[in-house]
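Student: Questions regarding the structure given below will be posed in turn.
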Amino acid sequence: MKLELAMVLGIIYTAVMVPAISYLLYKGKLRKELGWMLLVISALLGFAYFAPMFPWQLQLLMLGKLPQANLPMVALVTSIVILSSLLVGRVFCGYVCPPGALQELAYLAPIKKIKVPSSITVKVRLVVFVAMLVLAVVFSFNLTKVLGLPAFFQLILGPGLVIFLAIIISSTVVYRPFCRFVCPFGALSSLLSWMSVYGVRRNSNCVDCGRCEKVCPPQVLKGRAGSECYLCGRCLATCHKDALKYSKVEVKK
């Protein structure tokens with residue numbers, strides 16, 4: 001499929017799904033089963049059309065390999081990301097991005113998990129992002145291609161497919177390793193969503209029981225759900241005091 005058509009499909013899907021999912025979160029109607037269904041749809045869209053594969057397109061932009069004709073669409077994509085991250089948090093990363101969706105589904109495997117604190121992932125991601133940018137600009141090195149992102153979703157047999165398959169398998173144990181350590185798009189969204197208008201907030205009902213912190217895969221609920229929150233909903237489902245809400249205003253504790 002041509003890059004232009006994939007980007008158009010990705011933009012349309014993102015423009016529809018991000019507001020819809022945000023609304024469901026706000027109304028408390030994004031049930032576990034519905035969330036899984038949305039993740040499956042997003043993952044399948046990645047295999048069928050390689051869209052909305054914005055991490056790959058951002059990497060191409062870093063490399064300067066996007067055709068001039070595609071720059072307006074890239075600008076539109078960037079605007080969507082900036083606005084959605086600032087307004088509703090990481091809804092795109094959480095439910096719409098195919099690599100993210102597939103990793104989220106893999107993490108559902110009923111095996112023992114290794115939880116990596118967000119304080120560590122943020123530092124690692126910063127180092128990786130800077131290295132990726134330097135390698136792309138100076139050496140035209142495409143890290144996402146080396147890690148097999150396009151090969152995996154386009155089912156191209158070779159080392160790339162094996163490498164990304166290994167990443168997906170590791171996602172059964174470690175929460176979203178590609179998103180949290182490597183993805184350039186994830187780095188941008190993480191930075192912007194720190195200031196998001198909507199997000200998971202605690203309210204005065206909180207009794208500090210720690211239930212939400214125990215089920216949080218990226219370990220971001222030490223105080224407030226920050227930029228590493230993927231809005232998976234585990235904390236909302238486990239809270240028996242109705243102390244957590246996906247809302248606009250953070251209620252003083």
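Student: When the residues of the stretch 136-159 are narrowed to those that are among the polar types (S, T, N, Q) and more than 18 Å from residue 6 (Cα to Cα), which ends up nearest to the chain's Cα centre (by Cα)?
Tutor: 142
Student: I would also like to ask the following. Pull out all pairs, ordered by first then second residue, where Cβ-Cβ is under 6 Å, the residues are six or more apart or on different chains, the first lies in the stretch 45-58 and is within 15 Å of residue 132 (Cβ to Cβ), and the second is part of a loop (DSSP other than H, G, I, E, B).
Tutor: 55/183
Student: Do you know which residues across the stretch 178-201 are of a type outside the set (Val, Ile, Thr), surrounded by 21 or more Cβ atoms within 10 Å (Cβ to Cβ) and part of a helix (DSSP H, G or I)?
Tutor: Those that are of a type outside the set (Val, Ile, Thr), surrounded by 21 or more Cβ atoms within 10 Å (Cβ to Cβ) and part of a helix (DSSP H, G or I): 178, 179, 180, 184, 185, 186, 187, 189, 190, 193.
Student: Shifting gears a bit: Which is free of Cβ contacts under 8 Å to residues at least 24 places away in the same chain and under 24 Å from residue 55 (Cβ atoms), of 216, 229, 183?
Tutor: 216
Student: State the number of residues belonging to the stretch 192-213 that are under 22 Å from residue 128 (Cα atoms) and touching a residue at least 40 places away in the same chain (Cβ under 8 Å).
Tutor: Going through the stretch 192-213 one residue at a time, the tally reaches 2.
Student: Evaluate the following for residue 167: is it surrounded by fewer than 17 Cβ atoms within 10 Å (Cβ to Cβ) and either without any contact (Cβ under 8 Å) to a residue 24 or more places away in the chain or closer than 29 Å to residue 49 by Cα (or both)?
Tutor: no
Student: Tell me, yes or no, whether the stretch 57-67 has at least one residue that is small (Gly, Ala, Ser) and more than 19 Å from the chain's Cα centre (by Cα).
Tutor: Yes; the residues of the stretch 57-67 include at least one that is small (Gly, Ala, Ser) and more than 19 Å from the chain's Cα centre (by Cα).
Student: Within the bounds of the stretch 50-58, is there any residue that is surrounded by fewer than 13 Cβ atoms within 10 Å (Cβ to Cβ) and either under 28 Å from residue 236 (Cβ atoms) or not basic (Lys, Arg) (or both)?
Tutor: The answer is no, given that none of the residues of the stretch 50-58 is surrounded by fewer than 13 Cβ atoms within 10 Å (Cβ to Cβ) and either under 28 Å from residue 236 (Cβ atoms) or not basic (Lys, Arg) (or both).
Student: Note down all Cβ pairs under 8 Å where the first residue falls in the stretch 109-128 and is closer than 19 Å to residue 220 by Cα and of a type in the set (Ser, Thr, Tyr), the second is at pLDDT 85 or above and assigned to a loop (DSSP other than H, G, I, E, B), and they're at least six residues apart or on different chains.
Tutor: Listed pairs, sorted by first residue: 118/218; 118/228; 121/218; 121/228.
Student: Could you check how many residues of the stretch 133-177 are of a type outside the set (A, V, I, L, M) and assigned to a helix (DSSP H, G or I)?
Tutor: 11
Student: For residue 162, all conditions in the list (1) at pLDDT 90 or above; (2) of a type outside the set (S, T, N, Q); (3) within 18 Å of the chain's Cα centre (by Cα) hold save one; what is the number of the exception?
Tutor: If we test residue 162 against (1) at pLDDT 90 or above; (2) of a type outside the set (S, T, N, Q); (3) within 18 Å of the chain's Cα centre (by Cα), just (3) comes out false.
Student: Follow-up question, since we're still on this one. Just to be sure before I move on: is residue 30 more than 20 Å from residue 187 (Cα to Cα), surrounded by 18 or more Cβ atoms within 10 Å (Cβ to Cβ), modelled with pLDDT of 90 or more and in contact with a Gly (Cβ under 8 Å, 6 or more places away or on another chain) in the structure I sent?
Tutor: So residue 30 fits the description; yes.
The values are calculated or read from the model by the stated rules, or taken from the named source; none is laboratory data. As the structure is a computational prediction, the values presented were derived from the model and not from experiment. Glycine gets a Cβ as well: all are built from the backbone with ideal geometry, and neighbour counts include every protein chain shown.
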